[in-house]
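Worksheet: the structure to be examined is printed underneath.
The values are calculated or read from the model by the stated rules, or taken from the named source; none is laboratory data. Fair warning: this is a prediction, and the values are worked out from it, not measured in the lab. In this analysis, Cβ positions are derived from the backbone assuming ideal geometry, glycine residues included, and neighbour counts consider all displayed protein chains.
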Amino acid sequence: MLNVDGLTFSYAIEELPPGKLPFRRWRWELWHGARLEAAGWRVSERDALRALWLHASRVGHRLFGLAAPTPDARAVPPFHPGAAVRGRHGAIDFTLAPRALAEQGAAWPSRT
């Protein structure tokens, strides 16, 4: 099985201010370098993080011409906004790091 390593994405997630809708919303963005790969919003922070992780997997597989595995929310490891996390889904290993860290040129998390 092919395994691709070293892929890094940056992300941003924020709670949207109250508006016409009577519930809280979180906006998320997935970046690969200077390119915005995906964005959206969800009604819970946990769902926004899950969508972010699954889109990173999908984009990573697409970058290498691989078929992405079926999206499975149970495969998403728990992580908190603002944390850097390493992930593996299908044939892709990737790192998700907050966009603020990527812009500052901070070190990526070490391999565990």
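For this structure, a couple of remarks:
- Summed over segment 17-28, the residues that are surrounded by fewer than 17 Cβ atoms within 10 Å (Cβ to Cβ) and at pLDDT 90 or above give a count of 1.
- Exclusive hit being free of Cβ contacts under 8 Å to residues at least 12 places away in the same chain and either among the polar types (S, T, N, Q) or closer than 16 Å to residue 9 by Cβ (or both), set 56, 83, 68, 34: 34
- Leading residue by the ranking (nearest to residue 21 (Cα to Cα)) among those in segment 39-86 that are surrounded by fewer than 16 Cβ atoms within 10 Å (Cβ to Cβ) and of a type in the set (Gly, Ala, Ser): 44
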